[in-house]
1. With θ set to phi - 60°, apply the Karplus curve 6.51 cos²θ - 1.76 cosθ + 1.60 along the range 51-56 and write out the HN-Hα couplings as whole Hz, x wherever there is a Gly or Pro.
2. Please list 3J(HN,Hα) in residue order for the range 117-126, calculated via the Karplus relation 6.51 cos²θ - 1.76 cosθ + 1.60 where θ = phi - 60°; whole Hz, with x for glycine and proline.
3. Under a 1.4 angstrom probe, counting protein chains only, how are GLU69, GLU150 ranked by accessible area, largest first?
Amino acid sequence: MRRVAGAVVAAVLLLTLGVGSAVGAAVAGRSVGAAVKAASRAQSPFRGLTATTVHVGGSARQVVIAKTEAQRQRGLRQRSNLGHYDGMLFVFSATTNVGFTMSTVPVPLDIGFYRSDGRLVDTLRMLPCTGTDATCPAYRARASFRYTLETPGGALPPGNLTG
């Protein structure tokens, strides 16, 4: 009888731990789209934009969102201070393969390119360029993507992107 009771307690405990882990994984693994929808107003120095939390390889990052053409075009140009943010998330309405330049960006950046499901496509280190979009090198991913995340050089964790 004790063996049966012990087995039942162990099974309930394992089931409870398994369900708890699954629920925790579902919350941490929400989609990037859900994180973008849950965004709130960004603080200085990014007033007028929105911000949210995303996870890269399980590591939480506070990011500012660039989702319009004008916001993506401005990006992190002429910015060396991100305030308390860890980077900028570029959101495209569809899969794309556009290139990025570092025209007037004063600091090195790492960029991660991600598919619509958050799977990592490519990462690159981008170097500052004092020229124009036409004269600075264009950085391109190996394959098409839906999201990019720019962080200060050396600050982009490896892994997939989740909400």
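1. 9, 7, 10, 10, 10, 10
2. 8, x, 5, 5, 9, 6, 9, 9, 9, 10
3. GLU69, GLU150
The values are calculated or read from the model by the stated rules, or taken from the named source; none is laboratory data. No experiment lies behind these values; they were computed from the predicted model shown. When the accessible area is computed, the model is the full protein with side chains, heavy atoms only, and any ligands, DNA or RNA have been set aside. Shrake-Rupley method; radii C 1.70, N 1.55, O 1.52, S 1.80 Å.
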